[in-house]
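Heads up: the structure comes next, in C-alpha cells.
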Amino acid sequence: MNIKHETFENDGLKGIKINDWEIHSSHKPILQNKGIEEYCQCLGFNVPEMLFGDNYLAVKHIPSGFSINLNALDALKLVEKGDKTSGMLKVKIAENWTKKSIEKNSSITKIVNPFDWTFSTKYNGTLLNEKQVKESEIGIDYEKLKIPEPLLFFDQNVLFEDDLGDNGVSSLSYKVRVMQSGFFILMRFFLRVDGVSVRIWDTRIYCSFENNLLIREITRKQSTFSDIANRIVRLDKDDEDLSMLNNSDFVNTLMNSPEFGSNEQILY
C-alpha cells in the first residue's frame, strides 16, 4: 500500500496530509504574563510553571469533518478544585508549592484554594462530538505497530510542566508518528512527587488506514515513590542514581499493571 502524502512546516506549525487526514502540531514559546493571567482567570487557580498554551495537536478527517485536539487549556479544566480536592495528595510540600506559585503570580487575585496542586488531569483529548465514541472490544494492534515501517512524520511536544517546587515533576506531553499503514498518538500525563507517589496516565490513539478504524485506549497507573525507586536500585546494585526517574518511558516499565483501562472506538 503506497498512500500519497504531503508534509509541511511553517512558523512553528508542522504536520502532514495523508489519506483524507490532516495532522497539525503547533510549537510555540512558553506563555508570558498576559497569557498566564488569562489562563489563571479562566481556570480559577495558578497554572503550571511552564505553560505552553499555544501548543496543540490537531487531527482532522477531511471528508467527515471529525476532529480531535490535544491542548493545555482543556486538560487543565479537568484539574479538580474546591471541595473535590479533599482526597488529593496531602503533604507538606503542597503548602510550600502553593505559596511559591502565588508569589510568582502575585497579580492574579481570583484564585480558588484549594485545588489539586499536582495538576493531575484525566484528559483524553477534545472531540468535536463525544457521541462519536463507543466502548470497543477491539484494542490497538500493537503487533502491527511493531512491524518496521518508515516514518512519514514524527513529532513530540509539551503542553505543560511544573517541578512542584523542586519536589518532582508534573507534565503533559504528546508524541505522534505517521506511517503508510496509519498513525499513532501517545498523550501522557506524568507525575512524580518525590518520596510520595508516581502516576502515569496515558491516552493512545491509533488509526488504521486499512480498515478505517480509530481506537482510543486509556490506561492509568500509580505506584508509591519508594516502590519505583527500589526497583531502580535493584536493576543495578552498584548504582543508586535515581536520575532515571525523570524519564517517563523508563519509569513506565517499572510500574504495575494499570489500575484503570478502557478501549473506545471513535466513529468518523
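The values are calculated or read from the model by the stated rules, or taken from the named source; none is laboratory data. Bear in mind the structure is a predicted one, so any value in this text is a computation, not a measurement. For neighbour counting, all protein chains shown are included, and Cβ atoms are generated from backbone atoms with ideal geometry for every residue, glycine included.
Out of the residues in segment 4-20 that are part of a strand (DSSP E or B) and free of Cβ contacts under 8 Å to residues at least 60 places away in the same chain, which is surrounded by the most Cβ atoms within 10 Å (Cβ to Cβ)? Looking at the filtered set, the residue picked out is K17.
Only one of (1) touching a Pro at 6+ places or on another chain (Cβ under 9 Å); (2) free of Cβ contacts under 8 Å to residues at least 12 places away in the same chain fails for N211. Which number is that? With respect to (1) touching a Pro at 6+ places or on another chain (Cβ under 9 Å); (2) free of Cβ contacts under 8 Å to residues at least 12 places away in the same chain, N211 is out only on (1). Might you let me know whether segment 228-246 holds any residue that is within 20 Å of W117 (Cα to Cα), assigned to a strand (DSSP E or B) and either under 18 Å from the mean Cα position of the chain (by Cα) or aromatic (F, W, Y) (or both)? No, that holds for no residue.
Does segment 198-219 contain at least one residue that is in contact with an Asp or Glu (Cβ under 6 Å, 6 or more places away or on another chain), farther than 30 Å from H61 by Cα and of a type in the set (A, V, I, L, M, F, W, C)?
Residues of segment 198-219 in contact with an Asp or Glu (Cβ under 6 Å, 6 or more places away or on another chain): 204, 216, 219.
From the residues that got through so far, the ones that are farther than 30 Å from H61 by Cα too are none.
No, every residue in segment 198-219 fails to be in contact with an Asp or Glu (Cβ under 6 Å, 6 or more places away or on another chain), farther than 30 Å from H61 by Cα and of a type in the set (A, V, I, L, M, F, W, C).
Return a yes/no flag: does segment 200-214 have any residue that is touching a helix residue (DSSP H, G or I) at 6+ places or on another chain (Cβ under 8 Å) and either over 24 Å from L159 (Cα atoms) or outside any strand (DSSP E or B) (or both). Among the residues of segment 200-214, at least one is touching a helix residue (DSSP H, G or I) at 6+ places or on another chain (Cβ under 8 Å) and either over 24 Å from L159 (Cα atoms) or outside any strand (DSSP E or B) (or both), which makes the answer yes. Please find, within segment 21-42, the residue that is surrounded by the fewest Cβ atoms within 10 Å (Cβ to Cβ) out of those that are in contact (Cβ under 8 Å) with a residue 40 or more places away in the chain and part of a helix (DSSP H, G or I). My answer is N33. The residue list L214, L267 contains one member that is more than 19 Å from the chain's Cα centre (by Cα), farther than 19 Å from S120 by Cβ and either aliphatic (A, V, I, L, M) or crowded, with 18+ Cβ neighbours inside 10 Å (or both), which is L267. Residues considered: E95, E38, E103, E137. Of these, the only one that is modelled with pLDDT of 90 or more, out of contact with any helix residue (DSSP H, G or I) (no Cβ under 9 Å at 6 or more places or on another chain) and among the acidic types (D, E) is E38. Of all residues in segment 153-193, exactly one satisfies the criterion of being free of Cβ contacts under 8 Å to residues at least 60 places away in the same chain, of a type in the set (D, E, K, R) and not in a strand (DSSP E or B), namely D166.
Just give me the residues in segment 175-211 being buried (at least 22 other Cβ atoms within 10 Å of the Cβ) and charged (D, E, K, R), in sequence order. If the condition is that a residue be buried (at least 22 other Cβ atoms within 10 Å of the Cβ) and charged (D, E, K, R), then R192 is the only one that fits.
When segment 61-86 is filtered for residues that are over 19 Å from the mean Cα position of the chain (by Cα) and in a strand (DSSP E or B), the ones remaining, listed by number, are H61, K81. I'd like the full set of residues that are of a type outside the set (G, A, S) and surrounded by 22 or more Cβ atoms within 10 Å (Cβ to Cβ), limited to segment 163-173. Correct list: L164, L172. How about segment 151-164: which of its residues are modelled with pLDDT of 95 or more and either of a type outside the set (A, V, I, L, M) or more than 30 Å from L73 (Cα to Cα) (or both)? Answer for segment 151-164, where residues must be modelled with pLDDT of 95 or more and either of a type outside the set (A, V, I, L, M) or more than 30 Å from L73 (Cα to Cα) (or both): F153, F154, D155, Q156, N157, F160, E161, D162.
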